[in-house]
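Everything on this sheet refers to the single structure shown next.
The values are calculated or read from the model by the stated rules, or taken from the named source; none is laboratory data. Note that this is a predicted model, so its numbers are computed, not measured. Because the Cβ atoms are built from the backbone with ideal geometry, glycine has one as well, and the counts that use them run over all protein chains shown.
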Amino acid sequence: MQTAIIRAERVEKYYAQPSENRIQVISPTDLSVVPGEIVALLGPSGSGKSTLLRMLTGLSTPSAGQVYWHEKPIATADVNVSIVFQSFALFPWLTVLENVEAPLKARGVEASERRKQGLRMLDTVGLDGFQGAYPKELSGGMRQRVGFARALVVEPEVLFMDEPFSALDVLTAENLRSELLELWQNKTIPTQSIFIVTHNIEEAVLLADRIIVLGRNPGHIRTDFKVGLAHPRDRKATAFTQLVDYIYKVLTQPDAKPPKLPTTPTDKPERKAHYQMLPHARPGGIAGLLELVIDHNGKDDIYRLADDLGFEIDDLLPIVDAAQLLGFLTVTEGDAAITETGSEYANSEILRQKELFRAAAIENVLLLRQIVRAIEAKSDGSVSEEFFHDILDEQFTEEETVRQLETAINWGRYAELFDFDASRRRFIQAEKLVHEPDVDDEAETGA
């Protein structure tokens, strides 16, 4: 079991009254924040979400109970947290860089080091070149990016966020959520855990590894559960909508016993994908093999084919395996037979070959299918190679993981499923290529 960074033990918040009665905001509550997870705190207005956040960060002292930072009372510990606020909370008289440097200045960091760290963090959140601007010159989304940079520049162990996207328009908020998740998954930001207060149910299910839902009068935890959905998450998926519905029922039926948590995303998490071992063969080699099989009346012994080509059988097998994986060949007891699709592929022009390869790859190759889905799910049409490297690394050795990705990139580019930016190591949306008629084509049509 992981050791908690922050642990709240029977914390309460109440306000004494002139009479012996008191107004209780938070009833005795236990809660922990552990490394490696995004925690979302949901609750109706007045349930004490922000109050609980302030107690966990040490900004507010509990009326009873104790908050521990690495098992030390938070009042005596060297706490390293940052908060991103809903209202941006920037200093209007300071430039973007000066706003980001402010917490470093408060810590006594020297000017040259402040500038170095501030510029690095601005670059991380996509604000390189805006360091001299003032907050009034920026859009809401850019001002919130400054808030992110200011919170992250001190390299907090836990990043707290108090409804950070609620003041933004829908598209800007969606873009910032995606960017935050990308920074977190790529380990680009130094924080070990993120704790986000939100009133947006879909936002919580989209981002969080764990969701806590509060009830009110007084504030108390109604449900606390882990989200068993892999990223990137599809809002239209059944498991996603089931969780949204479950949280909605918890929030809208405050007096009823919380309904049973859906079993699909939790008790039975999404099945871990088992990736095929992609044979290390190129599309040109696959086409050449299919042409050779056609010349042998559509069927031949693999070992005889290798002899005819002067290949070692180990050199030919990856190409055979690739053609079989794509559905272009069937192999039975050492005999390779071309399929109808394989025959069409071998006899087609290059553009038709690409179409057939694209359809076969999407239907038969899980890794390529998931890369395409991930790109389509991203607002900027790109996804980090590192994301898939980490997934494949659980199934293959490091060396084989690199080779699998190289093969996937080669096949994906050929089929125009996606492109690959080698400088940024990112899969990106493929440009839709249009066949331009050449001069002879135009002459024949009288153009």
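I want to confirm something. Restricting to the range 386-419 and keeping residues that are surrounded by 20 or more Cβ atoms within 10 Å (Cβ to Cβ) and touching a Lys or Arg at 6+ places or on another chain (Cβ under 7 Å), which single residue is farthest from LEU351 (Cα to Cα)?
LEU417
Which of the following residues is touching a helix residue (DSSP H, G or I) at 6+ places or on another chain (Cβ under 8 Å), of a type in the set (Ser, Thr, Tyr) and either part of a loop (DSSP other than H, G, I, E, B) or closer than 20 Å to PHE165 by Cα (or both): SER82, SER87?
Checking each option against the conditions leaves just SER82.
Within the range 182-201, work out how many residues are surrounded by fewer than 17 Cβ atoms within 10 Å (Cβ to Cβ) and over 28 Å from ASN80 (Cβ atoms).
Total satisfying the criteria: 0.
Could you check, for the range 315-329, whether at least one of its residues is part of a helix (DSSP H, G or I), in contact with a Phe, Trp or Tyr (Cβ under 6 Å, 6 or more places away or on another chain) and of a type outside the set (S, T, N, Q)?
Among the residues of the range 315-329, not one is part of a helix (DSSP H, G or I), in contact with a Phe, Trp or Tyr (Cβ under 6 Å, 6 or more places away or on another chain) and of a type outside the set (S, T, N, Q), which makes the answer no.
Quick one: ALA359 ticks every box in (1) within 29 Å of THR330 (Cβ to Cβ); (2) over 25 Å from the mean Cα position of the chain (by Cα); (3) modelled with pLDDT under 90 bar one, so which box is it?
Condition (3) is where ALA359 drops out.
From the list VAL25, VAL34, which residue is in contact (Cβ under 8 Å) with a residue 24 or more places away in the chain and in contact with a Gly (Cβ under 6 Å, 6 or more places away or on another chain)?
Details: VAL34 fails: in contact with a Gly (Cβ under 6 Å, 6 or more places away or on another chain).
Checking each option against the conditions leaves just VAL25.
For the list (1) touching a strand residue (DSSP E or B) at 6+ places or on another chain (Cβ under 8 Å); (2) at pLDDT 90 or above; (3) crowded, with 20+ Cβ neighbours inside 10 Å; (4) of a type outside the set (Val, Ile, Thr), I need the number of the one condition that GLY65 fails.
Failing condition for GLY65: (3).
Please go through (1) polar (S, T, N, Q); (2) in a loop (DSSP other than H, G, I, E, B); (3) closer than 25 Å to ASP390 by Cβ for ASN175 and return the number of the only condition it doesn't satisfy.
(2)
Tell me the residue from PHE160, PHE165 that is surrounded by 22 or more Cβ atoms within 10 Å (Cβ to Cβ), touching a residue at least 12 places away in the same chain (Cβ under 8 Å) and in a loop (DSSP other than H, G, I, E, B), please.
PHE165
Considering only the range 94-118, how many residues are assigned to a loop (DSSP other than H, G, I, E, B), touching a residue at least 24 places away in the same chain (Cβ under 8 Å) and either among the polar types (S, T, N, Q) or loosely packed, with under 13 Cβ neighbours inside 10 Å (or both)?
Going through the range 94-118 one residue at a time, the tally reaches 2.
Among what's in the range 119-138 and is among the charged types (D, E, K, R) and free of Cβ contacts under 8 Å to residues at least 40 places away in the same chain, pick the residue that is farthest from VAL153 (Cα to Cα). Don't jump to the end; show me each part of the working.
Taking the range 119-138 and keeping what is among the charged types (D, E, K, R), we get 120, 123, 128, 136-137.
Applying the additional criterion that residues be free of Cβ contacts under 8 Å to residues at least 40 places away in the same chain yields 120, 123, 128, 137.
On the way: ARG120: 9, ASP123: 11, ASP128: 14, GLU137: 22 Å.
Going through the qualifying residues, I end up with GLU137.
If only one of GLU394, GLU376, GLU385, GLU340 is out of contact with any Cys (no Cβ under 8 Å at 6 or more places or on another chain) and modelled with pLDDT under 85, which one is it?
GLU394
What residue, of ASP224, ASP209, ASP169, ASP234, is among the acidic types (Asp, Glu) and closer than 25 Å to PHE130 by Cβ? Break it down stepwise before answering.
Details: ASP224 fails: closer than 25 Å to PHE130 by Cβ; ASP209 fails: closer than 25 Å to PHE130 by Cβ; ASP234 fails: closer than 25 Å to PHE130 by Cβ.
The conditions single out ASP169.
Only one of VAL372, VAL383, VAL331 is touching a residue at least 12 places away in the same chain (Cβ under 8 Å), in contact with a helix residue (DSSP H, G or I) (Cβ under 6 Å, 6 or more places away or on another chain) and within 29 Å of GLU182 (Cβ to Cβ). Can you tell me which? Outline the logic, then answer.
On the way: VAL372 fails: in contact with a helix residue (DSSP H, G or I) (Cβ under 6 Å, 6 or more places away or on another chain); VAL331 fails: within 29 Å of GLU182 (Cβ to Cβ).
So the residue among VAL372, VAL383, VAL331 that is touching a residue at least 12 places away in the same chain (Cβ under 8 Å), in contact with a helix residue (DSSP H, G or I) (Cβ under 6 Å, 6 or more places away or on another chain) and within 29 Å of GLU182 (Cβ to Cβ) is VAL383.
Taking the range 100-137, which residues are within 19 Å of LEU180 (Cβ to Cβ) and polar (S, T, N, Q)?
Selection gives THR124 alone.
Return the only residue of ASP234, ASP245 being among the charged types (D, E, K, R), without any contact (Cβ under 8 Å) to a residue 60 or more places away in the chain and farther than 15 Å from GLU37 by Cβ.
Going through ASP234, ASP245 in turn, the sole match is ASP245.
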